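Each value in this text was obtained by applying a stated rule to the coordinates, not by laboratory testing. Because the structure is a prediction, the values reported are computed rather than measured. We place every Cβ from the backbone using ideal geometry, glycine too, and count neighbours over all the protein chains shown.
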Amino acid sequence: MKLDLTFNGKIYPQYARIVNQIAVDIRHPFTELINSVSRKHAKSIDWWVSSPASRNTFASPLFHYCCCIALLQELIRKKEPVSEIITDSRAFKKVIEDYLAGKGINVKVTLARLSVKQRLKELVRPIYVIFGLPLKQLLLFFIARQKRSLCKPLPSEPLTLIDTFIMPGYIEKDRYYFSVLDALWEKEKQCVWFVPHLYGFPPWQYLSVVKQLRRSPKNFILKEDCLSFRDYLFAWGHVFRIRALKIDSCFFQGVNIASLVLEEMTAFRGIGSSYTPLLNYRFAKRLKEADIKLRLVIDWFENQNINRSWNAGFRRFFPDAETIGYQGFIVSAHYLCMYPTETEKDSRVIPHKVAVIGRGLVQSARRFCSDLDVCVAPAFRFQHVWQKRKYLPDEKVYTILVALPIVISDAVYILKLLSPAADEAADSDRFWIKPHPTASQSQIQGAFGPGWPEQFEFVDGDFSDCVEKSNLLISSASSACMETLAKGIPVIIIGNSFGLTHNPIPKTITDDIWRLCYSPQEVVEAIQFYQSRSPEKIKEHEKAGRRIREEYFEPVTREGVRRFLGL
């Protein structure tokens with residue numbers, strides 16, 4: 001048997017559920033492993049913006065490789081035959097070879113063959129990271145400087161800064177803090193400034209985006225307004241400084257994986273994601289040098305490297321300003337980075353306080369840090385779950401809404417798994433396909449390839465409106481699943497038959513209003529189950545939806561918003 005252990009590769013389906021259980025079992029040991037390395041480099045901002053330090057299971061392969069080590073140990077214990085192991089990491093290849101040799105086991109370990117396209121990407125990546133990415137960031141810097149005359153003057157009163165993302169379709173429309181300003185008096189609004197991070201825009205759109213931000217009725221302060229060319233040199237120097245950090249032996253379940261940590265630290269795949277975080281850090285420094293006064297700093301907090309640098313900067317240069325990390329979303333427990341650790345708290349790379357959007361999320365936020373200061377804040381993005389429904393599904397059609405995740409390969413996996421279900425669907429059934437805002441329809445269809453099912457129909461508009469017009473949601477790894485359940489609408493989670501399943505629904509929700517499906521047949525059976533719901537079952541699910549609203553989605557009230565903002 002060949003065992004594919006490449007990052008984002010396809011593990012045999014019979015092992016996928018074992019890997020998911022392993023991922024649960026090793027969360028704490030893995031986190032303590034990263035903590036042990038972090039303690040030795042706690043004062044290095046370059047370490048905190050590195051890929052291994054992030055614990056981001058979507059971007060960093062380190063957790064995946066630790067799961068693979070545990071899986072291999074389990075297969076050896078069960079004496080299951082393995083003829084060959086395939087990996088995409090030279091360091092992991094050597095780690096596995098040494099481990100197997102120490103056990104007296106003879107198994108061939110090979111590096112995965114790369115396609116011509118993949119080889120070209122690997123050849124081009126260092127050039128892009130060293131030259132292309134910095135030039136792209138400098139382009140935005142020069143465009144912002146060119147349009148600096150349109151800047152609004154900063155008030156002399158202490159400011160509230162709110163970190164946010166700006167993406168296509170969400171420049172004027174707020175995706176993250178909807179209606180937060182409605183709770184403020186006009187004078188208070190003048191002191192609230194949003195700090196945008198542009199995401200998903202090609203460079204040729206930068207000029208148009210900057211103009212729109214400058215002319216917006218909302219207050220935007222661009223980081224580029226404060227940064228200098230020296231800050232970009234500092235960020236660029238990370239590629240050299242990170243190589244100076246030494247990684248001592250570190251063991252996971254008896255296996256020394258120091259070479260894996262070192263490989264990921266210095267790989268150009270991860271280094272490219274460190275530039276923007278380092279600019280965040282310097283942004284805080286430049287604000288301090290400009291004698292800007294801050295009262296409160298709010299971070300859209302996923303505890304990725306971009307968040308660590310933001311909080312490290314503001315906590316260092318503005319020690320008297322309160323910092324809050326707002327977690328305005330609900331995701332899988334496998335997304336380890338969003339749960340802060342004791343070491344991160346002691347190193348002051350996380351905010352003073354973490355704000356979650358429901359009381360049912362307070363304890364999970366303390367998963368790796370029992371004394372973390374956690375509060376409940378309004379669920380800005382999801383306030384519509386408390387509003388009266390504007391729409392009901394068409395009684396003549398059974399509408400299945402498919403909300404696709406941000407990663408296109410994951411989106412294609414869901415669509416291909418649903419294709420057999422679409423083939424078996426009745427004429428009165430329809431599948432509405434809603435891509436993530438960062439992906440276009442052409443990207444999705446292009447990645448899907450030939451054979452696009454005619455039952456698949458792309459749909460536009462607000463997600464909340466689309467889901468109210470639907471009878472059922474199919475998705476994965478998205479807060480959209482919990483949002484839909486809160487409306488009393490059933491959800492099917494698509495499990496990954498070849499690796500980790502990122503299920504955002506907490507284990508405490510045991511109602512049959514949702515199902516986890518791994519195969520086309522399981523999806524067909526689940527659709528049939530929800531199609532045949534009795535009036536009594538529908539009322540039962542509506543009641544479950546009300547409980548979910550109360551537990552996981554704090555209502556947006558004027559008092560709640562002002563309390564969140566410390567007013």
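One chain, two ends: Leu207 and Gln528. Fully extended at 0.36 nm per residue, the span grows by 110.6 nm beyond their Cα-Cα distance.
Where only DSSP H runs of four or more residues are counted, the chain gives -12500 deg cm²/dmol as its mean residue ellipticity at 222 nm, each run worth -39500 (n - 2.57). P(r) tail, segment 398-552: Cα-Cα pairs separated by more than 20 Å, 46% of all pairs. Taking 23 Å as the limit for the C-alpha separation, the pairs Lys40/Lys121; Lys43/Lys121; Lys173/Lys434 exceed it in the case of Lys40/Lys121; Lys43/Lys121.
Computed from the C-beta positions of Ser249 and Arg563 and an R0 of 60 Å, the FRET efficiency is 0.80 to the nearest 0.05.
Between amide H atoms placed 1.01 Å from N, distances below 5 Å from Phe252 occur with Ile257, all of them 5 or more places distant or on a separate chain.
Per residue, the convex hull around the alpha carbon atoms of segment 329-449 comes to 162 Å³. Annotation: amide H-H contacts under 5 Å for Ile166 (H modelled 1.01 Å from N, sequence separation of 5 or more, or interchain): His197, Leu198, Tyr199.
Cα-based radius of gyration for the chain, normalised by 2.2 N^0.38 Å, reads 0.99.
Relative intensity of segment 460-567 on a log10 scale, I(q)/I(0) at q = 0.23 Å⁻¹, equals -1.32, per a Debye sum over C-alpha point scatterers of equal strength in the absence of solvent.
Using a simple spin-label model with pseudo-atoms 7 Å out from Cα toward Cβ, Ser36 and Thr110 lie 3.4 nm apart. In this simple spin-label approximation, Lys390 and Asp320 carry label points 7 Å from Cα along the Cα→Cβ vector, and these lie 4.5 nm apart. Take the Cα of Tyr199, go 7 Å toward its beta carbon, and the backbone nitrogen atoms of segment 375-418 under 13 Å from that spot belong to 406-407.
Backbone phi angles across segment 443-452, fed through the Karplus curve with coefficients 6.51, -1.76 and 1.60 (θ = phi - 60°), yield HN-Hα couplings of 5, 5, 5, x, 6, 5, x, x, x, 4 Hz in residue order; Gly and Pro are listed as x. Applied to segment 125-135, the Karplus parametrisation 6.51 cos²θ - 1.76 cosθ + 1.60 on θ = phi - 60° returns per-residue 3J(HN,Hα) values of 3, x, 5, 5, 5, 7, 10, x, 5, x, 5 Hz, with x for Gly and Pro.
What the phi angles of segment 329-334 give under the Karplus curve with 6.51, -1.76 and 1.60, with θ = phi - 60°, is a coupling list of 7, 10, 10, 5, 5, 6 Hz, glycine and proline written as x.
In the chain, the DSSP beta bridges split such that about 5 percent are antiparallel, to the nearest 5.
Extension gain for Leu135 to Ser179 (0.36 nm times residue separation, less C-alpha to C-alpha distance): 12.3 nm.
When DSSP beta bridges are restricted to pairs lying wholly in segment 387-476, around 0% turn out antiparallel.
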